[in-house]
Each structure stands twice: as structure tokens, then as C-alpha cells.
Amino acid sequence: MTAHEHRAHATLAPSSAHRWLACPGSIRMSSGVVDAGSVFAAEGTAAHELAEMCIKGAFPASRFAGETIHVGEQKFVVTPEMVEAVQIYLDVAEQLRDESDEFESEQRMDMTALVPGVFGTGDIIAYSEATQKVTIADLKYGKGVAVEVEENEQLLTYAMGVAERYHNRGISEVELIIVQPRAPHPNGPVRRWSTDVVALYEHVAALQSAAVAVEDPHAPLVVGDHCKFCKAAGFCGALETKVKQIMGLEQPEAKPMQDWQVEQSELNLVGQWLKGRETFLHAQAVAGNPPPGAKLVPKRAFRKWVDEEKAGRELVAAGADLDDLYEPPKLKSPAVIEKLLPKAKKPLLKDLAKAESSGAVLAPLSDPRPAVDASAANGFEAMETGE
């Protein structure tokens, strides 16, 4: 187990505050459901472990390139992509350390005095006495959903706890920072938003109301984007009913085209329900209750070397060509190489690397990026949904 894995988890966890604030019934529905986790969540934990090792030792992320990080039974190699992503976060951390009088990472935040049952661990907390500014920064390694920083419920909840700690020293500004290098966003991988203490008091009031609401055995189930990653998505009647309405299962006529953002939101709900249903049925089967007509079978087996170094030696001794046995080395990404170059040599990359878009994605009209000519997008094999 890693340090990041040892984090205690509150019933009213700040990381899921966006869900239980919107859907009080989700706490009741999720109670007792074991979260099996996912390889993506474990990979995020590995990235956080790498970041924490670097912050504690004042190392660049490249120091651990090629090493293996263990998360439970899973192993993750520190790839160039992970190095590049974590280094962006480390650069933010270094800036905050230089600008602040107090700097902490992986700090436990206890907000139970304000809202019972609410506590968590903040990635980075910084305080500047001269400007009376509190900063909360959070690393998001996922790339499936871009996390918004403005009025982010998780970071506002952490800020609430930090404000309690520093209330006698004065706070005039609260800055929230989301660092999400792998999820495309119009505002880039590092997104900042500032507010004041008044907004925190309003957030406290909302949390306190929600904390009371979730205790109601008949707390309402409210369907929305917050259903994503909900442990109860696979057996939530409210979500299932909504999905049936979206898919037209309760009306024979075909649905007309509608506003893209509405359409996208509805498609996301369908996907969330299907994924949640699959997860729920698999968990039931693992617990000894497979659904009618199904059984658990082993996944396809892939051969692995028992001892890679020994295998290489014996294969060479048996006459195999060394060049045929091993993959050739691959040049690291331009972003990683840029970190390794002295400042005077960085301009060299202008002629050696170029930025290329991999295609076109649908985005709301409010997106600041210019629209692509439809004829220019015809050559793409598939259109992504812009998650």
C-alpha cells in the first residue's frame, strides 16, 4: 500500500461533494457498496505518489522515469507521459512554495467542526501572510473528463478547512488551482480561479444543508452529470427511468435533433448508466450472485516473462539475435526534453518539434477556440465527443 492509498475516506467526501450536494439520495444508495476502483483511478494514485516523492525530495519528475510504482496489486511504470504531466504540477508547486510563507502537500483537512463527517486530504495548501492569500491546488491525472476550477466543490470544501485554520491571521483571497495536464481544456492544463471568504461561508451553508438532507431516509435522487462515477449508478431507479426517456423507450416516435449541449448531456447519462450497470452486475457475480444467463470466466491469458533478464540471456545463448529481442529506444516527448535542456538551448526545439492537432472535436459555442471548416474535418476517421 502506498501513502496516497492510506488516505481515510469520509462518508461525505469532498471529492464527491458535487454529487451529494446535487443528489442527497446518492449517499443512501451508495451505502455499503464496495468501490472496486479502476485501473484509471489506480494510475491517478500512482501519479500522485510520484508527485509527492518529487516534492519531498525536491526532484524533477524525470528522476523516476522508467521506475515502477505499486498501487495495491497493480504496477505502473513512470512513462514519459506521466513524467511530463506530473512535472507541470511540480512547476506549479515550486511557484507556490516560492511565493508563500507556508507550504504543505498531502495535508489532511478536517472540516468536521463546520460540517460533521467532512474531511479529506489536500494535495497542496499554501498561505501568504503579506497578501493574506490562501491557495489550494489539486492534481487531476484523468483525461476522460476535464474538471472545472470555477466554484469547484471539492477545492472550496478544502478551502473552508484552511480558512478555519488561518481565520485569526486574516484571509482576503482564496485561490483554487486545478492542474490537469492530460485533459484538453480551452484554458489550458493549469486553471486558476479566485474568490473571497464570503463565498466560503455560502459554501459552508450549502454543505450544512446537504449534510442534513442526506440523513433523510427518503432523500431525493436527482439525475445529472454528477451521476458519473456514482457507485449506485448501476441500480439507481431514477437514472434508469431517465435513460429510458432519453432513448425513447417510453415513446414510439424518433427523437428530433436538439441543442448539442443538451444532446451531449443526455448521451453522457446513458453511458453512465450502462457503465454503472455493468460494474454492478460484475460485482454481484464476484460476490456469488451472477445475473441469470451469465457466468464468470477468466480473461484471455497473455504470456509474461518469469524473469526478463534471464530470458534474454538464455535466448541469446540459444542463438537469437540481440537486436531482434529488444525494442529500440524511443526519443522522449518534446515537453520532457525541454525540461532537460539549459535555457540557452531551448530555442533548438523550435526547428525540431511542431504542434499538430490530432483532429476535431465538438465543443459548445461558448468555447473560445475558432471553429474548424467542416470540409477540413472530413479526412478524420472519427469525431471525438470532446470529453
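The values are calculated or read from the model by the stated rules, or taken from the named source; none is laboratory data. Only a predicted model underlies this, so the values are computations on that prediction, with no experimental measurement involved. Virtual Cβ from ideal backbone geometry, glycine too; neighbours counted across all protein chains shown. These area figures cover heavy atoms from the full protein model, side chains too; ligands, DNA and RNA do not enter into them. Shrake-Rupley method; radii C 1.70, N 1.55, O 1.52, S 1.80 Å.
Of everything in the stretch 110-127 that's open to solvent by 10 Å² or more (accessible area, probe 1.4 Å), of a type outside the set (Phe, Trp, Tyr) and touching a strand residue (DSSP E or B) at 6+ places or on another chain (Cβ under 8 Å), which residue is farthest from SER194 (Cα to Cα)?
Going through the stretch 110-127, the residues open to solvent by 10 Å² or more (accessible area, probe 1.4 Å) turn out to be 110, 112-114, 116-117, 119, 121.
Next, only the ones that are of a type outside the set (Phe, Trp, Tyr) stay: 110, 112-114, 116-117, 121.
Then drop every residue that is not touching a strand residue (DSSP E or B) at 6+ places or on another chain (Cβ under 8 Å), which leaves 110, 112, 121.
On the way: ASP110: 22, THR112: 24, THR121: 20 Å.
My answer is THR112.
Please specify each residue of the stretch 322-333 satisfying the condition of being part of a helix (DSSP H, G or I) and either acidic (Asp, Glu) or surrounded by 14 or more Cβ atoms within 10 Å (Cβ to Cβ) (or both).
Of the stretch 322-333, the ones part of a helix (DSSP H, G or I) are 322-325.
Passing the criteria: ASP323, ASP324.
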What pairs can you find where one residue is in the stretch 269-294 and under 22 Å from THR241 (Cβ atoms), the other is of a type in the set (Lys, Arg) and part of a helix (DSSP H, G or I), and their Cβ atoms are less than 7 Å apart, with a gap of 6+ or different chains? LEU269/LYS242
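Would you pick out the residues in the stretch 193-203 that are touching a residue at least 12 places away in the same chain (Cβ under 8 Å) and over 24 Å from the mean Cα position of the chain (by Cα)?
Of the residues in the stretch 193-203, the ones touching a residue at least 12 places away in the same chain (Cβ under 8 Å) are 193-197, 199-200, 203.
Matches in the stretch 193-203: ASP196, VAL197, ALA199.
Could you tell me whether THR79 is in contact with a strand residue (DSSP E or B) (Cβ under 9 Å, 6 or more places away or on another chain), at pLDDT 90 or above and either among the hydroxyl-bearing types (Ser, Thr, Tyr) or under 29 Å from GLU215 (Cα atoms) (or both)?
Criteria not met by THR79.
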Evaluate the stretch 352-371: report whether one residue or more is at pLDDT 85 or above and either open to solvent by less than 70 Å² (accessible area, probe 1.4 Å) or in contact with a Phe, Trp or Tyr (Cβ under 8 Å, 6 or more places away or on another chain) (or both). yes
Just to confirm my filter: which helices (runs of 4 or more DSSP H) fall fully inside the stretch 10-117 and include at least 3 residues that are among the aliphatic types (A, V, I, L, M) and closer than 23 Å to ILE177 by Cβ? 39-57, 80-99
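Could you please find all residues in the stretch 190-224 being of a type in the set (Asp, Glu) and surrounded by 14 or more Cβ atoms within 10 Å (Cβ to Cβ)?
Taking the stretch 190-224 first, the residues of a type in the set (Asp, Glu) are 196, 202, 215-216.
Across the stretch 190-224, there are no qualifying residues.
Of all residues being of a type in the set (Gly, Ala, Ser) and within 30 Å of LEU239 (Cβ to Cβ) in the stretch 275-317, which is most open to solvent (accessible area, probe 1.4 Å)? Just the residue, please.
In the first step, residues of the stretch 275-317 are kept if they are of a type in the set (Gly, Ala, Ser); the result is 276, 283, 285, 287-288, 293-294, 301, 311-312, 317.
Those still in the list that are within 30 Å of LEU239 (Cβ to Cβ) too: 276, 283, 285, 287-288, 293-294.
Details: GLY276: 13, ALA283: 53, ALA285: 14, ALA287: 74, GLY288: 55, GLY293: 95, ALA294: 53 Å².
Among those that are of a type in the set (Gly, Ala, Ser) and within 30 Å of LEU239 (Cβ to Cβ), it is GLY293.
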Considering only residues of the stretch 90-107 that are more than 19 Å from the chain's Cα centre (by Cα) and touching a residue at least 12 places away in the same chain (Cβ under 8 Å), which is surrounded by the fewest Cβ atoms within 10 Å (Cβ to Cβ)? ASP101
Scan of the stretch 334-351 for residues that are open to solvent by 100 Å² or more (accessible area, probe 1.4 Å) and within 22 Å of THR79 (Cα to Cα), ordered by number: LYS339
Considering the stretch 1-43, residues that are surrounded by fewer than 20 Cβ atoms within 10 Å (Cβ to Cβ), more than 17 Å from VAL147 (Cβ to Cβ) and among the polar types (S, T, N, Q), and then whichever is modelled with the lowest pLDDT, we arrive at THR2
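Closer than 27 Å to ASP98 by Cβ, assigned to a loop (DSSP other than H, G, I, E, B) and not small (Gly, Ala, Ser): which single residue out of TYR141, TYR158 fits that description? Give the derivation first.
On the way: TYR158 fails: assigned to a loop (DSSP other than H, G, I, E, B).
Every option except TYR141 fails the conditions.
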